[in-house]
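Notes to accompany the following structure.
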Amino acid sequence: MPHVSRIKLDQKVEEDLIRTLEFVLTKLTKEEEMNGFLLSLLTPTERLMLAKRLAMTILLKENLPDSHISAALKVTRPTVSRMQLFLESRGEGFEYALQKLQNEKIVQEFKGALKSLASYAVKAAGGRL
C-alpha cells in the first residue's frame, strides 16, 4: 500500500495536483515520452502492480475464472475479486483503456499468452502436468 501523508492538503490544491497529472498524461502521446515519464514517476513495483491490474481487467473481461487469473499473474484470489468489483462499480476508465487496446495486435497476442499461462498454471498447481 502506498504511503500517503497524514497531513491533509487543501482540497483545491489536491484537485489542482490531480488535474495537472491528468493533463500531463493526456499530452504524452509518444510511447517513449510516456515510458520515460512512467519510469521517472513510478517504482518498478508500482509499474508492475498497475500492469497486473490492467491484465486482470483484460482477463476478467474474457470471463476467465478467478483461480486461473490468480495463478497466471501470481496475485491472490481476493485481489482478483477486488479488481472485479472495481470493474463493476467504477469500470468506466477500464472500458476506455480496453477500447484503446481492442484492435491492437500485441494485445491480442498478450491475451492468448495470458490465457495459455492461466490454463497451464492451474494444471501445474493441480499436479495435472
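The values are calculated or read from the model by the stated rules, or taken from the named source; none is laboratory data. Source: prediction; values computed, not measured. Because the Cβ atoms are built from the backbone with ideal geometry, glycine has one as well, and the counts that use them run over all protein chains shown.
In table form, for the structure just shown:
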read-out: Evaluation of K12 against (1) of a type outside the set (D, E); (2) within 25 Å of S116 (Cβ to Cβ); (3) modelled with pLDDT of 95 or more (one fails), failing number; value: (2)
read-out: Test: residue in segment 44-61 that is surrounded by 13 or more Cβ atoms within 10 Å (Cβ to Cβ) and not in a helix (DSSP H, G or I); value: no
read-out: Residue list for segment 28-43, filter: assigned to a loop (DSSP other than H, G, I, E, B) and exposed (fewer than 12 other Cβ atoms within 10 Å of the Cβ); value: T29, K30, T43
read-out: Helices (runs of 4 or more DSSP H) contained entirely in segment 65-115, each with at least 2 residues that are at pLDDT below 90; value: 66-73, 92-101
read-out: Inter-residue pairs, beta-carbon under 7 Å, first hydroxyl-bearing (S, T, Y) and in segment 72-93, second in a helix (DSSP H, G or I) and crowded, with 18+ Cβ neighbours inside 10 Å, 6+ apart; value: T76/S70; S81/D66
read-out: Residue satisfying condition, being aliphatic (A, V, I, L, M) and modelled with pLDDT under 90, within set A51, A121; value: A121
